[in-house]
């Protein structure tokens with residue numbers, strides 16, 4: 001028993017709330033990748049080991065599994081800090097912002113970069129609890145971003161489908177190229 | 001000399017100088033805002049520079065890379081919050097000086113130390129360049145493979161107390177780099193039959209997710225903070241000049257910065273630790289360290305600002321990045337059709353000199369800017385954190401979407417954003433993922449070509465540099481294991497007593 005305890009002490013480290021959840025999840029991912037190796041990589045006949053297409057995925061996934069197992073061992077051996085569920089909920093809360101981001105990505109090709117950004121910035125600020133002048137500042141920031149990146153730096157963002165509704169001519173071309 | 005003049009000629013263009021000005025001042029502003037940092041800014045701006053002339057784009061991003069630490073010292077000293085991670089040590093002595101009413105002196109010393117070390121490190125590089133031009137061609141495939149492996153080993157071992165976590169993240173990075181269609185035998189690797197995985201996972205998408213989006217999510221998740229600041233009064237020029245009273249500390253700190261910056265995977269933190277420890281040990285007033293010591297401040301700032309220039313050595317000479325920012329700079333070079341590596345010093349020495357001169361100029365621009373703009377920058381620090389999160393989220397869209405106009409890229413970046421947030425909350429290292437992705441690809445290519453000419457394992461290390469690198473790797477791993485066991489035994493003895 002004392003030998004097991006000594007062995008555990010060797011792996012003791014600082015850990016934060018939710019450390020065990022992450023360590024378990026990462027090891028599970030590594031094991032899934034390890035199990036998928038025969039079907040997801042190819043061993044080519046008459047090819048040296050180091051030139052095999054499967055060599056580096058194998059090295060990385062085996063290393064991931066070994067290090068993840070050791071990390072998990074460290075997690076089990078270290079003093080636990082309560083609050084695992086709250087921490088997992090904190091992580092989950094970030095999914096809302098990811099959804100906001102993806103919604104913005106989805107809207108831009110439809111409504112155009114200018115309109116989408118002018119709506120997105122104040123709307124997100126509204127969700128964050130800002131009111132009044134801050135919403136105007138957010139719109140100003142959105143306008144500045146579009147002007148700098150799309151109009152001045154000509155960053156590759158496609159013109160919105162909404163501009164098709166404009167009458168053919170100089171205005172439509174101007175809006176499609178610059179906003 | 002011809003190469004140097006040719007380098008000056010390359011830079012002497014209005015658009016290049018404007019890009020340098022925008023990059024340098026932009027870098028200071030970005031560095032001064034806690035929660036943004038140069039990694040986020042470079043990741044966002046990288047796709048925006050695609051349309052620019054290669055030198056213009058490179059110089060702008062180089063400006064951000066080299067100047068952000070100047071800006072990072074400002075909030076570290078005034079509000080005890082480092083603008084960039086490497087300014088953390090600056091808070092130890094900078095903020096107590098502010099509390100003593102010596103804010104302008106602390107800022108001046110920080111800017112002065114950063115300026116001196118920035119210039120010294122670039123001069124060291126210029127002097128080293130002819131040597132590098134001779135040594136770099138000695139690096140064949142096996143030496144570059146071993147240097148990349150050394151980089152991976154160092155970045156894992158540098159994360160003391162988190163070696164396993166750093167190891168699994170580095171391995172994860174290598175794995176990410178292998179996903180997609182393999183370019184030699186044309187087989188699919190870990191694509192799970194999905195077309196969108198066939199082209200692999202883009203490095204810039206991962207960087208934007210792990211650095212920019214994760215930071216935005218963190219800021220949006222956390223409660224609002226808007227730091228209060230007070231105006232800085234006094235002569236900044238005189239305060240900057242005071243750094244020459246501590247010229248020995250500044251010179252030694254710069255030396256540590258250059259030395260540590262050159263070694264892949266080590267970087268600013270080790271340089272600062274060595275510089276700070278040296279300054280404390282040789283100080284007449286060691287007890288003041290951590291309580292507002294001007295020497296401690298100079299030691300910290302001189303070490304960290306010497307690193308960016310030095311970190312360009314393995315990047316330019318071997319094509320091996322030593323940390324996340326240089327990994328990003330490597331992407332910048334590739335995007336702009338410049339291939340760092342042994343050939344660069346032989347064929348494009350003028351270009352290398354142009355980069356060095358640009359770095360000297362950016363240090364001059366920044367220090368002049370800081371003479372007048374510190375109080376103006378204080379207003380930027382006051383941006384509420386959740387509003388800043390909204391700003392980063394909006395800007396991240398430009399970075400990710402403009403790469404390939406791919407919604408899938410944006411979804412992958414969002415996924416890595418959530419993953420990065422979890423890592424940051426758990427205080428687990430992110431940098432090894434990026435280095436794993438970059439160095440893994442280099443190792444795969446170089447090992448494959450090296451092994452074609454190797455018959456026995458000993459052949460692999462039969463050249464002096466290869467042997468030296470192999471011995472260094474074995475020694476480092478061996479010493480680390482011995483060190484861990486020694487610490488464990490010491491703890492055990494202590495407890496039993």
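The values are calculated or read from the model by the stated rules, or taken from the named source; none is laboratory data. This structure is a prediction, so every number in the text was calculated from the model and none was measured. Neighbour counts run over all protein chains shown; Cβ positions are idealised from the backbone, glycine included.
Brief remarks on what is shown
- The residues in region A:93-114 that are more than 9 Å from chain B (Cβ to nearest Cβ) and free of Cβ contacts under 8 Å to residues at least 60 places away in the same chain can be counted, and the count is 4.
- Sole residue being touching a helix residue (DSSP H, G or I) at 6+ places or on another chain (Cβ under 7 Å), closer than 16 Å to residue B:132 by Cα and in a helix (DSSP H, G or I), chosen from B:313, B:320: B:313
- Just one of the listed residues (B:134, B:160) is in the same structural domain as residue B:95 (by TED's automatic domain parsing), more than 21 Å from residue B:308 (Cα to Cα), within 21 Å of the chain's Cα centre (by Cα) and at pLDDT below 85, and it is B:160.
- Residue list for region B:175-208, restricted to those being within 10 Å of another protein chain (Cβ to nearest Cβ) and surrounded by 24 or more Cβ atoms within 10 Å (Cβ to Cβ): B:175, B:177, B:178
- Scanning region A:60-72 for residues that are surrounded by fewer than 19 Cβ atoms within 10 Å (Cβ to Cβ) and more than 7 Å from chain B (Cβ to nearest Cβ) yields a count of 3.
- When the residues of region A:123-133 are filtered to those that are in contact with a helix residue (DSSP H, G or I) (Cβ under 8 Å, 6 or more places away or on another chain) and either more than 10 Å from chain B (Cβ to nearest Cβ) or crowded, with 16+ Cβ neighbours inside 10 Å (or both), the one that is farthest from residue A:107 (Cα to Cα) is A:130.
- Every listed requirement among (1) over 20 Å from the mean Cα position of the chain (by Cα); (2) more than 23 Å from residue B:115 (Cβ to Cβ); (3) modelled with pLDDT of 80 or more is met by residue B:279 save one, (2).
- 3 or more residues over 30 Å from residue A:128 (Cβ atoms): qualifying helices (runs of 4 or more DSSP H) within region B:175-233: B:195-198
- A single entry from B:83, B:112, B:118 fulfils the requirement of being under 27 Å from residue B:19 (Cβ atoms), touching a residue at least 12 places away in the same chain (Cβ under 8 Å) and not in a helix (DSSP H, G or I): B:83.
- Criterion applied to A:171, A:166, A:118 was being surrounded by fewer than 13 Cβ atoms within 10 Å (Cβ to Cβ), outside the structural domain of residue A:21 (by TED's automatic domain parsing) and more than 29 Å from residue B:56 (Cα to Cα), and the one residue passing it is A:171.
- Boolean, residue A:38 is part of a helix (DSSP H, G or I), out of contact with any strand residue (DSSP E or B) (no Cβ under 7 Å at 6 or more places or on another chain) and more than 7 Å from chain B (Cβ to nearest Cβ): yes
- Single residue of region A:41-73 satisfying the filter (in a helix (DSSP H, G or I) and more than 26 Å from the chain's Cα centre (by Cα)) that is farthest from residue B:177 (Cα to Cα): A:73
- Matching residues, region B:403-424, being within 20 Å of residue B:162 (Cα to Cα) and either buried (at least 23 other Cβ atoms within 10 Å of the Cβ) or free of Cβ contacts under 8 Å to residues at least 24 places away in the same chain (or both): B:420, B:421, B:422
- Some residue of region B:486-495 being in contact with a helix residue (DSSP H, G or I) (Cβ under 8 Å, 6 or more places away or on another chain), at pLDDT 90 or above and within 14 Å of another protein chain (Cβ to nearest Cβ): no
- Checking each residue in region B:40-55 for being within 11 Å of chain A (Cβ to nearest Cβ), touching a residue at least 24 places away in the same chain (Cβ under 8 Å) and surrounded by fewer than 21 Cβ atoms within 10 Å (Cβ to Cβ) picks out B:50, B:52.
- Flag for residue B:98 being closer than 19 Å to residue B:230 by Cβ, in contact with a helix residue (DSSP H, G or I) (Cβ under 9 Å, 6 or more places away or on another chain) and at pLDDT below 80: no
- Annotation note: Cβ proximity below 8 Å between a residue of region B:367-384 that is farther than 22 Å from residue B:109 by Cα and a residue that is surrounded by fewer than 20 Cβ atoms within 10 Å (Cβ to Cβ) and modelled with pLDDT under 80 (sequence gap 6+ or interchain) occurs for B:382/B:226; B:382/B:227; B:382/B:228; B:382/B:229; B:383/B:226; B:384/B:225; B:384/B:226.
- The set of residues in region B:149-174 being surrounded by 24 or more Cβ atoms within 10 Å (Cβ to Cβ), touching a residue at least 60 places away in the same chain (Cβ under 8 Å) and within 11 Å of chain A (Cβ to nearest Cβ) consists of B:152, B:156, B:165, B:166, B:167, B:169, B:170, B:171, B:172, B:173, B:174.
- Residue identified as crowded, with 21+ Cβ neighbours inside 10 Å, more than 9 Å from chain A (Cβ to nearest Cβ) and touching a residue at least 12 places away in the same chain (Cβ under 8 Å) among B:220, B:146: B:146
- Flag for residue B:60 being assigned to a helix (DSSP H, G or I), within 14 Å of chain A (Cβ to nearest Cβ), crowded, with 22+ Cβ neighbours inside 10 Å and at pLDDT 80 or above: yes
- The residue that is surrounded by the fewest Cβ atoms within 10 Å (Cβ to Cβ), counting only those in region A:134-149 that are within 19 Å of residue A:103 (Cα to Cα) and more than 10 Å from chain B (Cβ to nearest Cβ), is A:143.
- Residue ID - farthest from residue B:58 (Cα to Cα), chosen from residues in region B:342-400 that are within 13 Å of chain A (Cβ to nearest Cβ) and within 22 Å of the chain's Cα centre (by Cα): B:392
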